[in-house]
């Protein structure tokens with residue numbers, strides 16, 4: 001059983017980790033008795049986005065939030081139980097599992113106060129170790145960056161996460177690290193997206209970065225996804241905090257591809273008796289293509305439905321030309337209508353008060369209904 005003192009210490013230690021709450025999972029089966037997970041496999045969360053799965057061989061009564069000591073190589077590590085029950089089996093399919101001799105590693109025990117104290121000491125050393133590790137790598141003139149350092153719970157081993165574009169020979173670096181820090185060293189290479197996930201942040205959408213909240217497998221993103229969605233190829237807007245293309249470009253790609261599967265080719269110009277029209281842009285979900293005259297005459301932009309484009313292309317292939325596209329164009333009301341309203345007074349600090357809204361509405365209506373003042377000549381004087 002967890003005593004109140006142990007729970008308080010566990011919460012304090014978790015808070016010191018800072019980024020230990022990433023990639024959290026909502027257990028929607030928490031009130032249902034575990035049936036499929038008979039081996040009692042639990043999900044343990046460590047610093048940042050690192051998770052792994054362990055077998056509760058001793059049948060401990062574990063709940064989400066419990067601090068536990070788990071098997072490591074060598075020694076033991078300290079982590080927090082993030083998921084129990086049948087939902088763990090679903091998560092096993094999404095994450096890479098660490099096995100020893102083909103078996104899951106074991107949960108040793110609930111973390112003791114001495115375990116948590118040593119774990120807190122290890123966490124306190126991580127930042128200083130990272131700065132010193134960067135300095136050592138710089139002195140060896142290695143083309144790499146130490147992104148983060150994670151100590152094992154018993155402070156006998158540390159994982160150094162690094163980023164490098166090319167292959168790095170860090171054999172001498174490992175020797176220098178072992179001499180400087182007196183621990184076992186493990187080097188783990190990560191990419192730019194993995195580093196952004198470990199650091200975390202807020203995206204331009206105003207929400208937490210997807211890579212640090214729920215994405216576990218990073219799929220390659222190309223500019224083709226932006227082209228299919230008619231997004232401007234602006235590197236500053238398409239790049240995420242990692243410097244790579246935003247992962248969210250792939251989220252709606254299938255919807256756009258499904259909507260465009262029956263669209264005609266945009267590389268074929270439309271021939272009319274008054275000239276040739278070239279494709280400019282599309283409103284995919286409304287099924288509207290925009291065409292412009294090849295000579296770029298003012299006012300030659302025309303909106304045409306996808307079905308009408310197919311008909312005109314079919315006529316062109318048979319050697320016929322339509323008289324003009326203007327008659328075939330969609331009414332402006334069916335494409336887009338821009339409405340504008342006065343913003344006078346919207347910067348006032350009391351604009352959200354009900355009374356202020358009433359007076360502002362009354363003022364706007366008075367301006368609209370006010371009659372213009374007539375001159376002497378208009379009045380017949």
Name the residues in the range 3-50 that are modelled with pLDDT of 70 or more and over 17 Å from residue 63 (Cβ atoms), would you?
-> 23, 35, 36, 46, 47, 48, 49, 50
Taking the range 156-212 and keeping residues at positive phi and surrounded by fewer than 16 Cβ atoms within 10 Å (Cβ to Cβ) leaves 182, 201, 206
How about the range 237-327: which strands (runs of 3 or more DSSP E) wholly inside it have at least 3 residues that are surrounded by fewer than 16 Cβ atoms within 10 Å (Cβ to Cβ)?
-> 275-283
Filtered residues of the range 54-79 (kept if buried (at least 21 other Cβ atoms within 10 Å of the Cβ) and under 31 Å from the mean Cα position of the chain (by Cα)) = 54, 66, 67, 68, 70, 77, 78, 79
Candidate set: the range 88-110, residues that are under 23 Å from residue 32 (Cα atoms) and surrounded by fewer than 20 Cβ atoms within 10 Å (Cβ to Cβ); chosen: the one nearest to the chain's Cα centre (by Cα) | 94
Within the range 226-243, how many residues are closer than 21 Å to residue 194 by Cα and at pLDDT 90 or above?
-> 3
Residue 105 out of contact with any helix residue (DSSP H, G or I) (no Cβ under 7 Å at 6 or more places or on another chain), at pLDDT below 90 and within 19 Å of residue 43 (Cα to Cα) = no
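The values are calculated or read from the model by the stated rules, or taken from the named source; none is laboratory data. This structure is a prediction, so every number in the text was calculated from the model and none was measured. Note that each Cβ is placed from the backbone with ideal geometry, even for glycine, and that neighbours are counted across all protein chains shown.
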